[in-house]
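Accompanying notes for the structure given below.
The values are calculated or read from the model by the stated rules, or taken from the named source; none is laboratory data. What you see is a predicted model, and the numbers here were worked out from it, not measured in a lab. Here the Cβ positions follow ideal geometry from the backbone for every residue, glycine too, while neighbour counts run over all protein chains shown.
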Amino acid sequence: MEKRKVEDFDINGEITIDELTSQYYNAGGFVAKKVGIAVKILEQMIDKDCINFLSFPACIISTGTRGLIKEAIKKEYFDVIITTCGTLDHDLARVWEDYFHGSFSADDRELHSQGVNRLGNIFIPNSSYGEVLEKNMQPILDEIVESCGPELGPREIIYEFGKRIDDEDSILYWAAKKDVPIYVPGITDGAFGSQLWMYWQNDKDFSLDMMKDQQELSDIVFPADETGALMIGGGISKHHTIWWNQYRGGLDHAVYITTAVEYDGSLSGARVREAVSWGKVREKADYVTVEGDATVLLPLILGKFL
């Protein structure tokens, strides 16, 4: 049995995020203690010569959490990003237009009649989403195809968009500037992917080479001496991260944040320990599953480093 004394939080009006999260390990109970463990694992990942993965779903990019992800990329804490198509949608849309605060209890029929989409308690007008993406993406795709050719991997297209975005609040901007690859295995499942399809309607020479991305991930994973991952939410972004790491015997470090339940057998609800049975996380890895809303937890967990 671990005999480590439970301490009390010592908080005053001048405490920093760093000082607060440092107390979570010894003073925190329940999920708070897991936050403390997560911070310690991330410290190991960042301080070592470790290939660090960051995976997350699109929904949080509609919120201010986008700024935390952007800063983590800017400071080069992560080497590989795996996410969903909606991340590209929201990041680019917010370069050109604004999203707005709303309510979970809003009348969705009324919102639809007004041309407003609700993402939880975030309101996204059509003019801030599909319309602005179509208006701006097609000319950029023309530039990319003209300079790079019609056959590209998804990661290459995302990188080329990032090079052409002049907005320091953008995730794509900083990923391109810091040469951090963004992989989106479900590239067609969103507005960005639909714009690629629409472009193909007028230029049948244009094509996506999905295998390019897979080869790049292979080239990253197989030679890696050590890998770690901060995985936010589940679904395809989480699975692609642990799927590729199984080929090297699993992740050495893993922090997972989720609101999903475990009992339904979903990947999103699966705790990290389940991935050990698949060889996607090593038996001797240090890992933790932190239950809770990432928009609440990430300012604490990442705030220490930013």
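Of all the residues in the stretch 249-290, those that are among the basic types (K, R) and under 25 Å from I187 (Cα atoms) number 1. Restricting the stretch 175-233 to residues that are of a type in the set (S, T, Y) and crowded, with 19+ Cβ neighbours inside 10 Å, the residue that is nearest to E160 (Cα to Cα) is Y183. S103 passes every criterion in (1) surrounded by 13 or more Cβ atoms within 10 Å (Cβ to Cβ); (2) over 24 Å from P139 (Cβ atoms) apart from (1).
In the stretch 64-80, the residues that are closer than 24 Å to P223 by Cβ form Cβ pairs under 8 Å with partners that are of a type in the set (S, T, Y), at six or more places apart or across chains, as follows: V80/Y183.
Test F161 against the criterion of being assigned to a helix (DSSP H, G or I), among the aromatic types (F, W, Y) and out of contact with any Pro (no Cβ under 8 Å at 6 or more places or on another chain), and give yes or no. Don't jump to the end; show me each part of the working.
On the way: assigned to a helix (DSSP H, G or I): yes; among the aromatic types (F, W, Y): yes; out of contact with any Pro (no Cβ under 8 Å at 6 or more places or on another chain): yes.
Considered against the rule, which asks whether it is assigned to a helix (DSSP H, G or I), among the aromatic types (F, W, Y) and out of contact with any Pro (no Cβ under 8 Å at 6 or more places or on another chain), F161 comes out as yes.
Yes or no: K204 modelled with pLDDT of 95 or more, part of a loop (DSSP other than H, G, I, E, B), of a type outside the set (S, T, N, Q) and closer than 30 Å to L141 by Cα?
Details: modelled with pLDDT of 95 or more: yes; part of a loop (DSSP other than H, G, I, E, B): yes; of a type outside the set (S, T, N, Q): yes; closer than 30 Å to L141 by Cα: yes.
Against the criterion (modelled with pLDDT of 95 or more, part of a loop (DSSP other than H, G, I, E, B), of a type outside the set (S, T, N, Q) and closer than 30 Å to L141 by Cα), K204 qualifies.
Please identify the pairs in which a residue from the stretch 168-188 that is on the phi < 0 side of the Ramachandran plot and of a type in the set (D, E, K, R) has its Cβ atom under 6 Å from the Cβ atom of a residue that is assigned to a loop (DSSP other than H, G, I, E, B) and modelled with pLDDT of 95 or more, counting only partners at least 6 apart or on another chain. Within 6 Å, the pairs are K178/E76. Figure legend. Inter-residue proximity from the stretch 190-211: first residues closer than 13 Å to E156 by Cβ, second residues modelled with pLDDT of 95 or more and not in a helix (DSSP H, G or I), beta-carbon distance below 6 Å, spacing 6+ or different chains. Indicated pairs: F206/P150; S207/E151; D209/E151; D209/G153.
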